[in-house]
1. Pairs needed: first member in segment 138-165, under 19 Å from PRO15 (Cβ atoms); second member anywhere, aromatic (Phe, Trp, Tyr) and at pLDDT 95 or above; C-beta distance under 7 Å; at least 6 residues apart or different chains.
2. Look at segment 3-32 and say how many of its residues are loosely packed, with under 13 Cβ neighbours inside 10 Å and in contact (Cβ under 8 Å) with a residue 24 or more places away in the chain.
3. From the list PHE186, PHE172, exactly one residue is at pLDDT below 90, out of contact with any Pro (no Cβ under 8 Å at 6 or more places or on another chain), among the hydrophobic types (A, V, I, L, M, F, W, C) and buried (at least 20 other Cβ atoms within 10 Å of the Cβ). Which is it?
4. Report yes if VAL86 is among the β-branched types (Val, Ile, Thr) and surrounded by 20 or more Cβ atoms within 10 Å (Cβ to Cβ), otherwise no.
5. Is segment 145-153 home to any residue that is at pLDDT 95 or above, small (Gly, Ala, Ser), over 16 Å from the mean Cα position of the chain (by Cα) and under 30 Å from GLY28 (Cα atoms)?
6. So if I check each of PRO36, PRO110, PRO70, which one is of a type outside the set (A, V, I, L, M), surrounded by fewer than 21 Cβ atoms within 10 Å (Cβ to Cβ), in contact with a helix residue (DSSP H, G or I) (Cβ under 7 Å, 6 or more places away or on another chain) and under 19 Å from TRP148 (Cβ atoms)?
7. Residues VAL150, VAL123, VAL91: which one is surrounded by 18 or more Cβ atoms within 10 Å (Cβ to Cβ) and in contact with a Leu (Cβ under 8 Å, 6 or more places away or on another chain)?
8. Yes or no: segment 72-87 includes at least one residue that is β-branched (Val, Ile, Thr), closer than 21 Å to PHE27 by Cβ and out of contact with any Phe, Trp or Tyr (no Cβ under 8 Å at 6 or more places or on another chain).
Amino acid sequence: MGTVTLGVSIAVPEPYGSLLQQRRAGFGDSAAHGIPTHVTLLPPTEVDPACRPEIEEHLAQVAAAGRSFPMRLSGTDTFRPLSPVVFVRIVEGSSACGWLQERIRAEDGPLARDLQFPYHPHVTVAHGIAEEAMDRAYAELADFEAAWTVTGFALYEQGEDCVWRLRREFSFGGSAHLPLPPQPNFFRPPAPSL
């Protein structure tokens, strides 16, 4: 049957998600409507469909060890000239994203893989479009601000039409109703061994 392409990400909630998706489309990024606004934890990864149960069990275990954390976006930045991307910056929550993506890509897990670039959590608002449009995205979203509490992450699958579709959500084991601990202690420590 071949492979399927999966990705793991944190969805940017409404109203911010739709707003940034519409702005991305407005800058001329034709991929915008097929990609829900997100923070990537696992980039597009080809896997054998038979491995999906193992993958979902692995993601459930990662989520169970996680705890809700605050996320705040503010302003824009770019990866140019290294990569043709303009993005909204994560100014709070990036270390939690780093913790999650390391565990999702654990060497002994079903999603082990190397990254093309060092991990840098962000929210893409323009990718691979004309330089003038990239400059416009950078300038017009420079004052963008958003904040919310991240309570989990999700598994997506890319269809043959290049649209990414939600397949399963994974909630963190820590309760969203507990007071949020200060960073970087946003995850429960491992249980002491007996």
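The values are calculated or read from the model by the stated rules, or taken from the named source; none is laboratory data. Note that the structure is predicted; figures quoted are calculated from it, not measured. FYI the Cβ positions are ideal-geometry reconstructions off the backbone, even for glycines, and counts take in every protein chain you see.
1. Between residues of segment 138-165 that are under 19 Å from PRO15 (Cβ atoms) and residues that are aromatic (Phe, Trp, Tyr) and at pLDDT 95 or above, the close pairs are ALA146/TYR16; VAL150/PHE69; THR151/PHE172; ALA154/PHE170.
2. Number satisfying all stated conditions: 1.
3. Details: PHE172 fails: at pLDDT below 90.
Among PHE186, PHE172, only PHE186 is at pLDDT below 90, out of contact with any Pro (no Cβ under 8 Å at 6 or more places or on another chain), among the hydrophobic types (A, V, I, L, M, F, W, C) and buried (at least 20 other Cβ atoms within 10 Å of the Cβ).
4. Details: among the β-branched types (Val, Ile, Thr): yes; surrounded by 20 or more Cβ atoms within 10 Å (Cβ to Cβ): yes.
It is true that VAL86 is among the β-branched types (Val, Ile, Thr) and surrounded by 20 or more Cβ atoms within 10 Å (Cβ to Cβ).
5. Kept after step one, since they are at pLDDT 95 or above, are these residues of segment 145-153: 145-153.
So of that shortlist, the ones also small (Gly, Ala, Ser) come out as 146-147, 152.
Now drop any that are not over 16 Å from the mean Cα position of the chain (by Cα), which leaves none.
Scanning segment 145-153, I find no residue that is at pLDDT 95 or above, small (Gly, Ala, Ser), over 16 Å from the mean Cα position of the chain (by Cα) and under 30 Å from GLY28 (Cα atoms), so the answer is no.
6. Working: PRO110 fails: under 19 Å from TRP148 (Cβ atoms); PRO70 fails: in contact with a helix residue (DSSP H, G or I) (Cβ under 7 Å, 6 or more places away or on another chain).
Sole residue among the options that is of a type outside the set (A, V, I, L, M), surrounded by fewer than 21 Cβ atoms within 10 Å (Cβ to Cβ), in contact with a helix residue (DSSP H, G or I) (Cβ under 7 Å, 6 or more places away or on another chain) and under 19 Å from TRP148 (Cβ atoms): PRO36.
7. Exactly one residue qualifies, and that residue is VAL123.
8. Step one: of segment 72-87, the residues β-branched (Val, Ile, Thr) are 76, 78, 85-86.
Checking the rest, the ones that are also closer than 21 Å to PHE27 by Cβ come to 76, 78, 85-86.
Then drop every residue that is not out of contact with any Phe, Trp or Tyr (no Cβ under 8 Å at 6 or more places or on another chain), which leaves none.
Taking every residue of segment 72-87 in turn, none turns out to be β-branched (Val, Ile, Thr), closer than 21 Å to PHE27 by Cβ and out of contact with any Phe, Trp or Tyr (no Cβ under 8 Å at 6 or more places or on another chain).
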